[in-house]
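Each reported figure results from applying straightforward, stated rules to the coordinates on display, with no laboratory input. Since this is a predicted model, take the numbers as computed values, not measurements. All Cβ positions, glycine included, derive from the backbone under ideal geometry; neighbour counts span all protein chains shown.
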Amino acid sequence: MPLSITHLGSGSRGNATLLCSEDAKILIDQGFSGRQLEKRMNRIGMSPSELDAIVVSHHHGDHGGGAGIASRRWDIPIHCNFTTASHLGLDPTGNVELFESLQRIELGEDMSLLPVPVPHSGAENVAFIASSGGQRAAVITDLGSSTEELANHLRGCTHISIESNYDIKRLWKGPYAESLKQRISANGGHLSNDQTGRLLADVVTEKTKSLVLTHLSQENNLPHLAESTVLYHIEEVFQGDIAISLQDGPEFTHWVGQSQLETGMLV
Ligand SMILES: [Zn+2]
Ligand SMILES: [Zn+2]
């Protein structure tokens, strides 16, 4: 069975991404209440009690706020780095496994995750590169800029889920206070549609089968703007499918290494 990836929801009100291989079912981030997580997993015929691990990218509430609750309720181990654990108040002697950046986390017989550090102010955030059955998939969110190290790990991934947070014109003309606008667009904030497009132009090849744009700002972005801006940068090489995951998922499942058109596996 190829690795599957399903966003249970994405945005500033909560993020959770489900990765399933033959042997392992893991959640990257858990920013929902226990009830919401259960409801969203039930929609695809699953229960949180089936999860083998919750892996948390950073401590912000929309990514880690529901990790402790879910861990206790369904007895699921949490994997995160030390900074994230201490910000979330997780007991290091409890059901927590600490990882270091760039050290592979083995999850079950057939899946591993590589945490790659990314700049995000006030947080020790990481992107994850999942490997399973010879395929690699990336899940990247909440970063103000790319790094050469991240780009190197993204090359060769057949699936990339990446944030496309804001449209630069909408942000500057929008209702946010000047200081917040500065923070979002700074190096440690979030990626704009244009920055995401440029990063993808650097790493996408004809082997990239699927892309998902995530964490769109409800105030400063629109799905068609994110998609058209990103495609503008990559259309000459990219031949896979592109989708957008919004706040209320799950909306679809990708089988890593295949395009949606090949599988027709829309949930
Ligand atoms: Zn976030
Ligand atoms: Zn964040």
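Brief remarks follow.
- When you work out D = kT/(6 pi eta Rh) for segment 39-157 at 10 °C and 1.306 mPa s, using the Kirkwood radius from C-alpha pairs as Rh and the Stokes-Einstein form, the result is 105 µm²/s.
- MRE, 222 nm, helices only [DSSP H, n ≥ 4, -39500 (n - 2.57), over the chain, to nearest 500]: -7500 deg cm²/dmol
- Just checking the listed ones, ASP91, ASP194, ASP248: in the Gaussian network model of the chain with Cα springs under 10 Å, the one fluctuating most is ASP91.
- Taken over segment 101-257, the percentage of Cα pairs per 5 Å bin, counting from 0 up to the bin with the maximum distance, is 2, 9, 18, 22, 21, 15, 8, 3, 1, 0.
- Between segment 225-243 and segment 129-179, the C-alpha centres lie 14 angstrom from each other.
- Antiparallel DSSP beta bridges within the chain, percent to nearest 5: 55
- By DSSP, the beta bridges lying fully in segment 2-58 are antiparallel in about 75 percent of cases.
- Proportion of all alpha-carbon pairs of segment 77-123 beyond 12 Å (%): 65
- Residue with peak Gaussian network fluctuation, the chain [Cα springs, cutoff 10 Å], from GLY45, GLY144, GLY11: GLY45
- If you wrap the tightest convex hull around every Cα atom of the chain and split its volume per residue, you get 113 Å³.
- Per-residue Cβ neighbour rank within 10 angstrom, fewest leading, THR84, THR229: THR229, THR84
- Entry note, the chain: relative contact order of 19 percent, from Cα contacts under 8 Å with a spacing of 6+ residues.
- Counted charge near SER185, where neighbours are those whose Cβ lies closer than 12 Å (Asp, Glu -1; Lys, Arg +1): +1
- Sorted fewest first by neighbouring Cβ atoms within 10 angstrom, VAL204, VAL237, VAL126 come out as VAL237, VAL204, VAL126.
- With the convex hull of the Cα atoms taken as the outline of segment 174-251, the averaged projected area works out to 5.8 nm².
- All-pairs Cα distance distribution in segment 1-91, expressed in whole percent, bin size 10 Å: 18, 56, 24, 2
- Highest mean packing comes first when the peptides 52-61, 217-226 are listed by Cβ atoms within 10 Å, giving 52-61, 217-226.
- Its relative contact order, with pairs defined as Cα atoms under 8 Å and 6+ residues apart, puts segment 55-120 at 24 percent.
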